[in-house]
Amino acid sequence: MTNKKQLRTYLRAVRDQIPQTLRASKSALACTKAQAHLSQHKTIAVYHAIRSELSLTPLVRSLRAFGATIVYPRVLAHSRVLDFCVIQDDSDLFPGALGILEPKPALAPVPLSQIDALLIPALGFDPHGQRLGWGQGHYDHTLAQCPNATRVGICFQEQIVDSIPSEPTDVPMDIVVTDANRYAHARSASQREPSS
């Protein structure tokens, strides 16, 4: 299946067919696997799950307990680059333009340069770290602005496919974690900006 539109339809249906109780247990397993790659990171970007997405609630709770600063994305009307705000609990979130819970407008954004790692949702990933999102390009544009941050894709194992069509603007993940597996892709030093 090489058409991205068809692949999105297929993968959304696959994810939707996972029973809710099974999604909860699989989410917890994936969160445990992801945490092993985040112990050295101080500021971590997460997302608020919608519909049948993998929930990060167990991971967020655990990361906060270890002292990590948790930031959530916010869609800006004038930009395809997301901004991120520190969120202490769900009372700091409200339904944004896309119907996704995001930081309230009054909250000040954190500079992208301060984010050490991003947990990134998707409709699907392949074992090579390629991601299939909704096609808006928000995460690709954002990741291009923070090249030193660790990119952690996270999804259910059912959302892994052999290959996802990629374009030059698509930003691959460093690690993809599921409830059953981990796929790592180390970037060379030349792909990261030198520390200032």
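The values are calculated or read from the model by the stated rules, or taken from the named source; none is laboratory data. Quantities reported herein were computed from a predicted structural model and do not represent experimental measurements. Here Cβ is always computed from backbone atoms with ideal geometry, including for glycine, and neighbour counts include all displayed protein chains.
Which of the residues spanning the stretch 92-106 are part of a loop (DSSP other than H, G, I, E, B) and surrounded by 11 or more Cβ atoms within 10 Å (Cβ to Cβ)? GLY96, LEU98, ILE100, LYS104, listed by residue number. Sub-8 Å Cβ pairs linking a first residue in the stretch 78-100 that is over 18 Å from GLY67 (Cα atoms) and touching a residue at least 60 places away in the same chain (Cβ under 8 Å) to a second residue that is of a type in the set (Lys, Arg) and in a strand (DSSP E or B), at least 6 apart or interchain, are LEU82/ARG74, ordered by first then second residue. For the stretch 115-131, give me the residue count where each residue is farther than 19 Å from ALA180 by Cα and either out of contact with any Cys (no Cβ under 9 Å at 6 or more places or on another chain) or acidic (Asp, Glu) (or both). Selection size over the stretch 115-131: 2. For the stretch 3-62, give me the residue count where each residue is touching a His at 6+ places or on another chain (Cβ under 9 Å) and farther than 20 Å from ILE100 by Cβ. Of the residues in that region, 0 qualify. On the stretch given as the stretch 47-67, residues that are over 22 Å from THR21 (Cα atoms) and either assigned to a loop (DSSP other than H, G, I, E, B) or touching a strand residue (DSSP E or B) at 6+ places or on another chain (Cβ under 8 Å) (or both) total 4. Residue pairs whose Cβ atoms lie under 6 Å apart, sitting 6 or more positions apart in sequence or on different chains, and linking a residue in the stretch 3-21 that is farther than 16 Å from ILE164 by Cβ to a partner that is surrounded by fewer than 15 Cβ atoms within 10 Å (Cβ to Cβ), do not occur here. Screening the stretch 28-42 for residues that are touching a helix residue (DSSP H, G or I) at 6+ places or on another chain (Cβ under 7 Å) and crowded, with 18+ Cβ neighbours inside 10 Å and picking the one that is nearest to ALA149 (Cα to Cα) gives LEU38. Within the stretch 68-90, the set of residues being polar (S, T, N, Q), at pLDDT 90 or above and outside any strand (DSSP E or B) comprises just one member, SER79. Beta carbons closer than 7 Å, at least 6 apart along the sequence or on distinct chains, pair a first residue in the stretch 144-168 that is closer than 11 Å to ASP126 by Cα with a second that is surrounded by fewer than 13 Cβ atoms within 10 Å (Cβ to Cβ) and not basic (Lys, Arg) for GLN157/ASN181; PRO165/THR2.
Table: residues versus (1) farther than 21 Å from HIS41 by Cβ; (2) of a type in the set (S, T, N, Q).
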{"residue": "ALA77", "(1), (2)": "yes, no"}
{"residue": "ARG80", "(1), (2)": "yes, no"}
{"residue": "ASP83", "(1), (2)": "no, no"}
{"residue": "VAL86", "(1), (2)": "no, no"}
{"residue": "PHE94", "(1), (2)": "yes, no"}
{"residue": "LEU98", "(1), (2)": "yes, no"}
{"residue": "PRO105", "(1), (2)": "yes, no"}
{"residue": "PRO109", "(1), (2)": "no, no"}
{"residue": "GLN114", "(1), (2)": "no, yes"}
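Return a yes/no flag: does the stretch 181-192 have any residue that is modelled with pLDDT under 95, hydrophobic (A, V, I, L, M, F, W, C) and closer than 25 Å to ARG23 by Cβ. Looking through the stretch 181-192, at least one residue is modelled with pLDDT under 95, hydrophobic (A, V, I, L, M, F, W, C) and closer than 25 Å to ARG23 by Cβ. Search the stretch 169-180 for residues being modelled with pLDDT of 90 or more and part of a loop (DSSP other than H, G, I, E, B), and hand back the single one that is farthest from the chain's Cα centre (by Cα). Residue satisfying both the conditions and the ranking: ALA180. Looking only at the stretch 144-174, count every residue that is of a type in the set (Val, Ile, Thr) and surrounded by fewer than 17 Cβ atoms within 10 Å (Cβ to Cβ) and tell me the total. Counting residues in the stretch 144-174 that are of a type in the set (Val, Ile, Thr) and surrounded by fewer than 17 Cβ atoms within 10 Å (Cβ to Cβ) gives 1.
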